[in-house]
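Data block below; observations after.
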Amino acid sequence: MRILFRLAAVFLFVLGTAAGADTDPAALLKAGKADQAIHALNIATAHAPKDAKAYNLLCRVYFQLELWDNSVHMAEKALALDPQNSSYHLWLGRAMGRKAEDANPFTAFGLARKVKTEFERAVTLDANNLPAAQT
């Protein structure tokens, strides 16, 4: 009977772990399941509209999908909620930089100035933020 109970417990643990991985937005993003990550993050932000981390993850998903406007918008939302987060400034700079690559020269110039400002701000907030320091 104990063996059966232990097997059932292990089965439920494995089943619960697998189910958690299917709904964890960060895990979905790492697995390349962008559509599922967006869905999970939209649910998360609907339930917790002040969750800066969720908006940052949305920024990263849209960045992966090369949807620069959406990526910038989500990064700005994350920063509005947590303006002292170096990583959020880094992601806003990255998104604006990629958006600048597709923009007309006049728009690109303005975006490039903002990119520089975001990377500098990221380094100011965290000198150990190597990706921001190296750009």
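Extension gain, Ala133 to His39: 0.36 nm times the residue separation minus the Cα-Cα distance gives 30.6 nm. Classify the stretch 16-135 as rounded, prolate or oblate from the Cα gyration tensor: take a ≥ b ≥ c as the square roots of its eigenvalues, call it rounded if a/c is under 1.5, otherwise prolate when a/b beats b/c and oblate if not. It comes out prolate by the Cα gyration axes.
The length gained by stretching the chain between Glu76 and Lys30 to full extension, at 0.36 nm per residue less their Cα-Cα distance, is 14.4 nm. Computed over protein heavy atoms with a 1.4 Å probe, the accessible surface of the stretch 86-135 works out to 61 Å² per residue. Of the peptides 80-92, 104-116, 24-36, the ranking by mean beta-carbon count within 10 Å, highest at the top, reads 80-92, 24-36, 104-116.
The values are calculated or read from the model by the stated rules, or taken from the named source; none is laboratory data. Predicted, not measured: the structure shown is a model, and the values here were computed from it. FYI the Cβ positions are ideal-geometry reconstructions off the backbone, even for glycines, and counts take in every protein chain you see. Ligands, DNA and RNA are stripped out before the accessible areas are found, and what is left, the full protein with its side chains, is counted by its heavy atoms. Shrake-Rupley method; radii C 1.70, N 1.55, O 1.52, S 1.80 Å.
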